[in-house]
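Let me begin by presenting the structure, written as structure tokens, before commenting on it.
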Amino acid sequence: MNELEEMHRAWSKWRRIGGSTIWYPKAISSPDGHVTLFVHGVDNYLWTSSRALGDPKWRKFLNLGQPLLDVPFPVRHEDGRIDTVLRGSAGDLRVITRDNVSGTFTTQHKLGGKVVGPPVAAIDQRGCMEIFVRGLDDSIWHNRQKTPGNWSGWTRLGGTTTTTPLAASLDSLGDMHVLHKGLDNSIWDRVRSDLSGHWGPFRKVANNAAGTPVSSVTQDGRLCVFFRGSDNACWHTSQNERGEWHAAKRIESQTVDNPVVIVARDGMAHIFLLGVNGRLRHSAQLPEGGFSNPVSLPGRVASIPAPVLNSEGRVELFARGGDGAVWTISQNLDL
């Protein structure tokens, strides 16, 4: 079977959902099968739509009344709540919460601060959310949720970052990582140990980065980092059992934006890359730890995708189309 035949066999056709966005969408799925979309509308307000399990139709996009400057960052808690972090029109940080029972957005928390670029967030070992941003001084700043609605306040973590968004992940040991691209075009990592609760020094992860890092924990519990290199290819590295970083390896594909990564139910990572021709290319992690040769998906899009695992455990992607609307495509087969 040639690449074109495999491409059309493995993935559905693109389907138009609607809406109108100026950036790439963000999506998040819930254990009950719901999928929720968030987009930065052309009116510079936050809009959302959702789809229930077993219902092929998407709800009409709803304006949440929140002005914003960048792509939002949604996070799902274990109890089903969805917190969406966004940079407001004044450059300040806000969090809005969707209740897990009513499904309505009822709570807004104003965290203040002055931020450059979109925020990122991660759930820590206590189940609370932590936010990482690039400040006006180009340093990394951090705000930690103590309890729902109660925040620690902004703390400067240092570093000098040149791009946004940052990357943040909790590894299998319960340690929190925040990664960024420095002035030297290297990827740097700072870790807070679960045992000590203190942030360690910055450690270099890889050289020759052109884009921001993306991090994820794979099937063997290791933290993996992916980034666009200075050669516009996707590169990846991972930690060994001592927490040291392996030499970065190249994935043979050119990309015009940051890679997008999702970990499937089997613990394997799937990478999606946006090519110069508007086609998405897909590479899957192999059992020995490497990655397959990237295969093109059908159709063309105007942004990097937002991936989720649907109720069947298959990858579903959402991207901005050439018409500014949100489009979706999903796996037909287990890959």
Per-residue ellipticity at 222 nm attributable to helices in the chain (runs of n ≥ 4 DSSP H, -39500 (n - 2.57) apiece, nearest 500 deg cm²/dmol) works out to -500 deg cm²/dmol
Averaging 1/r across every pair of distinct alpha carbons in the chain and inverting yields a Kirkwood hydrodynamic radius, in angstrom, of 20.2 Å
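Determine the relative contact order of the chain: mean sequence separation of Cα pairs under 8 Å and six or more apart, normalised by residue count, in whole percent.
On the way: 888 pairs, mean separation 49.2, N = 335.
Dividing the mean separation by the residue count of the chain yields 15 percent.
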For segment 233-240, Karplus-derived ³J(HN,Hα) couplings (6.51, -1.76, 1.60; θ = phi - 60°; whole Hz; x for glycine and proline) come out as 9, 8, 10, 9, 8, 8, 8, 8
For segment 30-96, the Debye formula with one identical point scatterer on each Cα and no solvent gives log10 I(q)/I(0) at q = 0.27 Å⁻¹ as -1.19
Largest fluctuation, N44, N100, N232 only, Gaussian network model of the chain with Cα springs under 10 angstrom, belongs to N100
Under a Gaussian network model of the chain whose springs join Cα atoms within less than 10 Å, the largest fluctuation of P67, P56, P201 belongs to P56
Expected vector for segment 247-255, Karplus 3J(HN,Hα) from phi with 6.51, -1.76, 1.60 and θ = phi - 60°, integer Hz, x for Gly and Pro, equals 5, 5, 10, 8, 9, 6, 6, 8, 9
For A206, other-chain or 5+-apart residues with amide H closer than 5 Å (H placed, Pro excluded) are I187
Counting only backbone N atoms under 14 Å from a point 7 Å out along Cα-to-Cβ of V42, the residues of segment 286-329 in range are 321-326
Yeah, segment 291-331 with a ≥ b ≥ c from its alpha-carbon gyration tensor (a/c under 1.5 is rounded, else prolate when a/b outruns b/c, oblate otherwise) is oblate
Among R242, R134, R87, the residue with the largest mean-square fluctuation in a Gaussian network model of the chain built from Cα contacts under 10 Å is R242
Binned at 10 Å from zero, the C-alpha pair distances of segment 249-335 give percents of 17, 52, 27, 3, 0
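Just so you know, all these numbers are worked out from the coordinates, no wet-lab data involved. Predicted, not measured: the structure shown is a model, and the values here were computed from it. Positions of Cβ are generated from backbone atoms using ideal geometry, with glycine treated the same way; all protein chains shown enter the neighbour counts.
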